[in-house]
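Okay, so here's the structure we're looking at.
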Amino acid sequence: MYMDGLQCHKSGLFKSAGPFPFLPNYKNPCWRTSSGVLRCLPYFHLIGCVKCGSSDLFYRITRHPEVSDLIQKKEPKWIGGGAHHAHCCSFNDYLDMYKSAVDKDIAKNDSSGFHRCVLGDGSPGTLVNNVQWEVIKHPEEAKALNRSEPVFANADLIHHLNPGAKIILMLRNPIDRSWSAYQYFGLTSQKSQEDFHRLTVRSISDFQQCLSQNELRHCVYHSHNVRDRYKGIPNVWPNIYHVHLQEYFRVFPRKQILVLNIESYSKDIRAAMEKVYAFLELGKLPEAMWETVSTTTKRNELSSSRRIGNMWNKTRELLQDFYAPYNKELVRLLGSEFDFNK
């Protein structure tokens with residue numbers, strides 16, 4: 001099992017954090033330390049994807065009165081990186097990001113003594129940024145663990161901390177997501193349709209070279225540097241959605257996972273949010289609040305200085321051919337609503 005290798009891993013995180021004695025009168029996963037301090041983990045995780053409307057969705061979720069909007073950071077990014085890098089932040093640092101929400105919202109109870117409010121982690125890179133693998137990716141360490149693929153993924157860590165966590169994900173056509181991310185994160189002085197095409201050709205070539213010698217899961221996690229995305233380099237591996245999603249279906253029951261399509265979400269915000277609130281088992285939203293939830297936006301739009309028009313047609317055709325088989329696998333996993341080959 002993936003967890004076996006984890007017990008050998010030098011971070012020791014899974015040994016030092018959890019499981020926790022969650023309090024039955026709290027809807028949110030909370031417990032008290034030996035000194036009586038109330039500590040809480042996220043009730044839900046909005047795991048992605050980057051440039052798929054996650055900021056907008058998270059903002060609308062926190063408009064519900066039973067969801068705290070007092071978290072220190074919408075994107076703690078601890079699950080996807082800090083958990084296994086001592087120089088970043090500790091588990092207690094992660095919990096401290098929710099202290100204000102815990103003290104002011106989660107601690108409140110109704111007339112029956114039940115604490116109904118919840119909080120969430122909105123780090124959109126959680127789906128793909130399994131950088132825990134970075135610290136054991138060196139051949140000698142992988143050989144010692146008898147692995148050529150990740151020993152564990154973010155899904156394992158979330159499940160270990162809270163087996164009842166609710167997982168939310170918004171997906172977008174992988175070609176459009178990649179183009180949007182390139183424009184948003186890429187260096188302004190270097191961005192162009194030509195540069196995007198050149199980098200795309202390189203990324204596909206590198207990935208196919210990896211596939212000629214390894215299994216798909218290995219190449220998705222092992223053959224590229226996750227930090228490249230933040231430099232605007234259009235790697236193809238983050239958009240092979242079904243591989244990343246299978247990690248969550250491996251450890252969580254389907255009833256705890258909600259996947260949305262950004263096109264359906266954008267066409268009918270209210271219907272989408274009704275589905276999300278029901279999934280989170282929140283109380284019925286007062287009609288007077290729906291106008292705020294449905295019309296207010298929190299999107300990280302591209303500024304005019306970042307926009308460079310449309311990608312070349314030949315680039316889109318190249319990506320359509322590359323993603324076609326992987327999109328088919330996503331349909332098998334999620335259904336025809338997520339057929340990005342159409």
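Hydrodynamic analysis of region 240-342 uses the Kirkwood radius over alpha carbon pairs. Inserted into Stokes-Einstein at 37 °C and 0.692 mPa s, it gives a translational diffusion coefficient of 195 µm²/s. Taking one quarter of the surface of the convex hull spanned by the alpha-carbon atoms of region 151-205 gives a direction-averaged projected area of 6.1 nm².
Quick note: the coordinates plus some simple rules give every number you see, no bench work behind them. Everything numeric in this text was worked out from a predicted model, so none of it was measured.
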